[in-house]
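Okay, so here's the structure we're looking at.
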Amino acid sequence: MMNKTVYAHTNLGTEEEWDQAIDRLATNNQVAGTHYKQSKIQPIDYIYANNLSYNLGSCLKYITRSKGEKQDRVTDLLKAKHFIDLELQMVYGTDAKGNNIGDYSVEISL
């Protein structure tokens, strides 16, 4: 018997209706490309299960999709590195080398 994940918000009658509803869920679909389809665990599931921040979640997505031509892989890894640098700056108040730069703040003019 195959294990299936049951989602509480899909309360439907027949198994066929249930399967079709599951297929339509946003978490089971990807808009454009197939860069996450090959993953055993979808990045969004890992991100939510581990309560990752926006920056770390974005980093994970770029690491996961780093495939294809060399330049595409390099670009994805540089993007992942950028999100790590953002996390260091915004959350920990350090630069990319770990030097203290103080708390992150945003100034807005209205």
If each K or R counts +1 and each D or E counts -1, the residues other than residue 96 whose Cβ falls under 11 Å of its Cβ total -1
Local net charge near residue 58, Cβ-Cβ under 10 Å (Lys/Arg +1, Asp/Glu -1): +1
Non-local residues with an amide H under 5 Å from the amide H of residue 94, with H modelled 1.01 Å from N and Pro and chain starts lacking one, are 89, 101
Karplus 3J(HN,Hα) series, Hz, for the stretch 78-85 with 6.51 cos²θ - 1.76 cosθ + 1.60 (x for Gly, Pro): 5, 5, 4, 4, 4, 5, 5, 4
What chymotrypsin sites (Phe, Trp or Tyr not before Pro) does the stretch 69-110 have in DSSP loop regions with at most 15 other beta carbons within 10 Å? 104
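Coordinate-derived values only; no laboratory data. All of these numbers come straight from a predicted model, not from anything done at the bench. Here Cβ is always computed from backbone atoms with ideal geometry, including for glycine, and neighbour counts include all displayed protein chains.
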